[in-house]
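The values are calculated or read from the model by the stated rules, or taken from the named source; none is laboratory data. Everything numeric here is computed off the predicted structure, so don't read it as measured data. As a convention, Cβ positions derive from the backbone with ideal geometry for all residues, glycine included, and neighbour counts pool all protein chains shown. We work out accessible area using only protein heavy atoms, side chains counted, and drop any ligands, DNA or RNA first. Shrake-Rupley method; radii C 1.70, N 1.55, O 1.52, S 1.80 Å.
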Amino acid sequence: MSTLIKIENIKKDYVTGDVTTSVLKGISFEVKDGEFISIMGSSGSGKSTLMYVLGFLDKPTSGKYYFEDQDTSKLDEDKLAEFRNEKIGFIFQSYNLLQRTSVLDNVLLPATYFVGGDLKKAEREARKLLKRVGLGHRIDHRPNQLSGGEQQRVAIVRSLVNNPRLILADEPTGNLDSKSGEEIMEILQDLNNEGRTIIMVTHEKYTAECAKRILHIKDGKIIEDEIVNDRKMANNGDYEK
Ligand SMILES: Nc1ncnc2c1ncn2[C@@H]1O[C@H](COP(=O)(O)OP(=O)(O)O)[C@@H](O)[C@H]1O
Ligand SMILES: [Mg+2]
């Protein structure tokens, strides 16, 4: 398996006035193509900060970040934006959908920023994916007409529309009841089975154990890198809260 991501001694400080807060305190790991990794830790441990760094939404204070063997500190803003849009799909706890825009147009939004992308093809793909996640009849609805679980499924389809190599999901089941959460995890496991690389943040043990590997983070450091032996499969009903 080829290496998709390599980070070495990543640190992130936030400076507010005279106060510097060290949030990431030297994080190193590698991600191979096809992995499904959970990042698990309590609130405030730095999980979202790490996801922002991995997704080029924020820059580390120091350390090295290689994506597809490229030193990302050498990429300019345009190139980073291109990477972000075309190589990474994002899923957030709060779905982050536009409420006044139809399901289909929400899903197509990243494709409209894909320079050289084929919008017609993206629309065909979007319709197919929406059907696949059970939302074929919701294509013209607005997000606020959907349940939380349905909105998160829309967000998953949006994350896939540019066919990214990597999906970053920050607490994707955090706002959902256990049944809707299980449906989301089943979709993520299916996507990973098809070869998509996934990094997911969670603070729930059961959700974390749906992945193949868990990085435990505490106070801005990885304290354990665990291979999941007794993996939970969402479609077997293994999933619970
Ligand atoms: N933009 C920011 N400025 C200052 N402090 C921040 C900022 N973002 C996050 N923090 C702090 O960094 C710590 C880690 O936050 P975060 O990465 O969101 O943790 P988690 O996602 O694990 O709950 C928290 O103490 C938070 O208050
Ligand atoms: Mg967070």
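Of the residues making up the stretch 7-29, those that are of a type outside the set (A, V, I, L, M), open to solvent by 40 Å² or more (accessible area, probe 1.4 Å) and either touching a strand residue (DSSP E or B) at 6+ places or on another chain (Cβ under 6 Å) or within 9 Å of ligand 1 (Cβ to nearest atom) (or both) are GLU8, ASN9, LYS11, ASP13, TYR14, THR16, THR20, THR21, SER22, LYS25, SER28.
Scanning the stretch 82-122 for residues that are of a type in the set (S, T, N, Q), under 14 Å from the mean Cα position of the chain (by Cα) and under 21 Å from SER180 (Cβ atoms) gives GLN93, SER94, ASN96. For a quick check of your reading of the model, give me the residue pairs whose first member lies in the stretch 38-50 and is closer than 14 Å to ILE10 by Cβ and of a type in the set (Val, Ile, Thr), whose second is within 6 Å of ligand 1 (Cβ to nearest atom) and open to solvent by 20 Å² or more (accessible area, probe 1.4 Å), with beta-carbon atoms closer than 9 Å and at least 6 apart or on different chains. Taking only residues 6 or more apart or on different chains, the pairs are THR49/TYR14; THR49/VAL23. Residues that are part of a strand (DSSP E or B) and among the aliphatic types (A, V, I, L, M) within the stretch 153-184 comprise LEU166, ILE167, LEU168, ALA169, listed in sequence order.
Within the stretch 197-213, the set of residues being surrounded by fewer than 21 Cβ atoms within 10 Å (Cβ to Cβ), assigned to a loop (DSSP other than H, G, I, E, B) and away from ligand 2 (no atom under 16 Å from the Cβ) comprises LYS212 only. All conditions but one from (1) touching a His at 6+ places or on another chain (Cβ under 7 Å); (2) surrounded by fewer than 16 Cβ atoms within 10 Å (Cβ to Cβ) apply to ASP190; the one that does not is (1). Selection of the stretch 31-50 for residues being within 14 Å of LYS221 (Cα to Cα) and of a type in the set (A, V, I, L, M, F, W, C) yields ILE39, MET40, LEU50. Scanning the stretch 84-101 for residues that are within 11 Å of GLY55 (Cα to Cα) and either without any contact (Cβ under 8 Å) to a residue 40 or more places away in the chain or among the hydroxyl-bearing types (Ser, Thr, Tyr) (or both) returns a single hit, ARG84. Scanning the stretch 67-76 for residues that are within 13 Å of GLU8 (Cβ to Cβ) and either within 16 Å of ligand 1 (Cβ to nearest atom) or in a helix (DSSP H, G or I) (or both) turns up THR72, SER73. Criterion applied to LYS232, LYS179 was being surrounded by fewer than 16 Cβ atoms within 10 Å (Cβ to Cβ) and either among the aromatic types (Phe, Trp, Tyr) or modelled with pLDDT under 95 (or both), and the one residue passing it is LYS179.
Taking the listed residues LYS25, LYS6, LYS79, the one that is part of a strand (DSSP E or B) and over 19 Å from the mean Cα position of the chain (by Cα) is LYS25, with no other qualifying. Being within 29 Å of MET1 (Cα to Cα), of a type in the set (D, E, K, R), touching a strand residue (DSSP E or B) at 6+ places or on another chain (Cβ under 7 Å) and within 16 Å of ligand 1 (Cβ to nearest atom) narrows it down to one of LYS64, LYS47, LYS32, LYS59, so name that one. Just a single option satisfies the conditions, and that option is LYS47. One residue alone among LYS179, LYS232 is more than 16 Å from ligand 1 (Cβ to nearest atom), over 15 Å from GLN93 (Cα atoms) and in contact with an Asp or Glu (Cβ under 6 Å, 6 or more places away or on another chain), and that residue is LYS232. Scanning the stretch 35-44 for residues that are closer than 21 Å to ILE167 by Cβ, in a loop (DSSP other than H, G, I, E, B) and within 12 Å of ligand 1 (Cβ to nearest atom) returns a single hit, GLY41.
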